[in-house]
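Written out below as structure tokens is the structure these notes cover.
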Amino acid sequence: MTIQNQLTQMLEIEHPILLAPMDLVSGGKLAAAVTQAGGLGLLGGGYGDGDWIDREWQRAGNARIGCGFITWSLAKRPEILERTLAHRPAAVMLSFGDPRPFAPAIHKAGARLICQVQTVAQAREAAEAGADIIVAQGTEAGGHGMAEPLFVLLPQVIDACPGAVVVAAGGLADGRGLAAAMMLGAQGVMMGTRFYASQEAEGNPEAKRRIVEAQAGATVRSIVFDLSRAIRWPGAYTGRLLRNRHAETWLGRESELAARMDEVAREYAAARERGDFDVAGVIAGEACALIHDIPSAREIVERIATEAERLIRSQAAALS
């Protein structure tokens, strides 16, 4: 048995599993590996580095992949979208901003528009913008997000957008998460942290090791890491990363950190360059507590799909 639904048919994929477009971590090698395993890989276009996107698309070879962007940053560099669409992506994902200025160009290029949302209001806006797929992202997710837990947000988004293809994200790392999300009405899942701890991810080996060793409660959602990189995000969003010495130093002292931002940013950038993750942040979600190894992306996809199919089948049998 394989799970086939609107999502798999729309994206022409075997399994309803999408790679989160983690900035710089979701490179061409990882995106291609997820696609080749039957899911859909998305490059981490992040703030919009056109040269990086071109290079990683070449690394993906002939794999059918997409790309994701931070929408408010893309609005400052709209030419990056045109450059990306020239690669004929399967999909473009927009997160953290108004998708409407970009939706017509994405659809005209023949790509699917994926919109990630953190509130019901954002989900309605995405539907009105013509999103083909809406990703409901719970606060458990790594990286930037908001406050609502996935299993509270997800059914609300599904109810608010009848007929929409909705995907779940945040705190998911295995087949149990896929099966549970589908029971709440999702068509599939998007995972980041689970694929960060994969052989093909672009992350530092020490960062991957820390994800594997992290236990429950090992992450924190704050603005500390954005201030430490001298990046000012819209006020509604915070970033979830693994706790480390740098986070513990500055949590509760954000005003002081903002006042010393340039100085701290130089120290932070140097730590990142030398792989010092007691200072530099490892972007990871609550799902790190469920991750215990660093396999290939193909093995991850196959494990998730097999476990979800087994669980769904067993529950159906129990009902009969």
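The values are calculated or read from the model by the stated rules, or taken from the named source; none is laboratory data. Since this is a predicted model, take the numbers as computed values, not measurements. Positions of Cβ are backbone-derived with ideal geometry, glycine not excepted, and every protein chain shown enters the neighbour counts. Note: accessible area is taken over every heavy atom of the protein model, side chains too, but ligands, DNA and RNA are not part of it. Shrake-Rupley method; radii C 1.70, N 1.55, O 1.52, S 1.80 Å.
Scan the range 133-152 and report the pairs whose first residue is over 12 Å from Ala169 (Cα atoms) and whose second residue is among the charged types (D, E, K, R) and open to solvent by 30 Å² or more (accessible area, probe 1.4 Å), with Cβ atoms within less than 7 Å and a gap of 6+ or a chain change.
Ile133/Arg112
Out of curiosity, is Arg88 at positive phi and either in contact (Cβ under 8 Å) with a residue 40 or more places away in the chain or open to solvent by 10 Å² or more (accessible area, probe 1.4 Å) (or both)? Give the derivation first.
Working: at positive phi: yes; either in contact (Cβ under 8 Å) with a residue 40 or more places away in the chain or open to solvent by 10 Å² or more (accessible area, probe 1.4 Å) (or both): yes.
It is true that Arg88 is at positive phi and either in contact (Cβ under 8 Å) with a residue 40 or more places away in the chain or open to solvent by 10 Å² or more (accessible area, probe 1.4 Å) (or both).
Report, by residue number, each residue of the range 1-46 that is open to solvent by less than 10 Å² (accessible area, probe 1.4 Å) and assigned to a helix (DSSP H, G or I).
Matches in the range 1-46: Leu7, Thr8, Leu11, Gly28, Leu30, Ala31, Ala32, Val34.
State all residues of the range 125-140 that are open to solvent by 10 Å² or more (accessible area, probe 1.4 Å) and assigned to a loop (DSSP other than H, G, I, E, B); if no residue qualifies, say none.
Within the range 125-140, Ala129, Gly130, Ala131, Asp132, Thr139, Glu140 meet the criteria.
Inside the range 244-289, counting only helices (runs of 4 or more DSSP H) that do not spill past its ends, which hold 1 or more residues that are buried (at least 18 other Cβ atoms within 10 Å of the Cβ) and touching a Cys at 6+ places or on another chain (Cβ under 7 Å)? First the steps, then the outcome.
Values: elements: 245-250, 254-259, 261-273.
The helices (runs of 4 or more DSSP H) meeting that bar number zero.
Look at the range 294-309 and say how many of its residues are open to solvent by less than 50 Å² (accessible area, probe 1.4 Å) and either of a type in the set (D, E, K, R) or modelled with pLDDT under 95 (or both). Break it down into steps so the answer makes sense when it comes.
Of the residues in the range 294-309, the ones open to solvent by less than 50 Å² (accessible area, probe 1.4 Å) are 295-297, 300-301, 304-305, 307-309.
Add one more test, that the residue is either of a type in the set (D, E, K, R) or modelled with pLDDT under 95 (or both), and what stays is 307, 309.
Looking only at that region, the number is 2.
Just to be sure before I move on: is Thr238 under 24 Å from Leu40 (Cα atoms) and either touching a strand residue (DSSP E or B) at 6+ places or on another chain (Cβ under 8 Å) or open to solvent by 10 Å² or more (accessible area, probe 1.4 Å) (or both) in the structure I sent? So that I can check it myself, show each step before the final result.
Working: under 24 Å from Leu40 (Cα atoms): no; either touching a strand residue (DSSP E or B) at 6+ places or on another chain (Cβ under 8 Å) or open to solvent by 10 Å² or more (accessible area, probe 1.4 Å) (or both): yes.
When the stated conditions are applied, Thr238 does not pass them.
What are the residues in the range 184-216 that are open to solvent by 20 Å² or more (accessible area, probe 1.4 Å), touching a residue at least 60 places away in the same chain (Cβ under 8 Å) and either hydrophobic (A, V, I, L, M, F, W, C) or outside any helix (DSSP H, G or I) (or both), if any?
Matches in the range 184-216: Gln187, Gln199, Glu200, Glu202, Asn204, Val212, Gln215, Ala216.
Identify the residue in the range 221-276 that is free of Cβ contacts under 8 Å to residues at least 24 places away in the same chain and of a type in the set (Lys, Arg) and, among all such residues, is farthest from Lys208 (Cα to Cα).
So, considering only residues that are free of Cβ contacts under 8 Å to residues at least 24 places away in the same chain and of a type in the set (Lys, Arg), the one farthest from Lys208 (Cα to Cα) is Arg260.
Looking at this structure, is Arg313 out of contact with any helix residue (DSSP H, G or I) (no Cβ under 8 Å at 6 or more places or on another chain), open to solvent by 80 Å² or more (accessible area, probe 1.4 Å) and charged (D, E, K, R)? Talk me through it step by step, then tell me what you get.
Details: out of contact with any helix residue (DSSP H, G or I) (no Cβ under 8 Å at 6 or more places or on another chain): yes; open to solvent by 80 Å² or more (accessible area, probe 1.4 Å): yes; charged (D, E, K, R): yes.
Yes.
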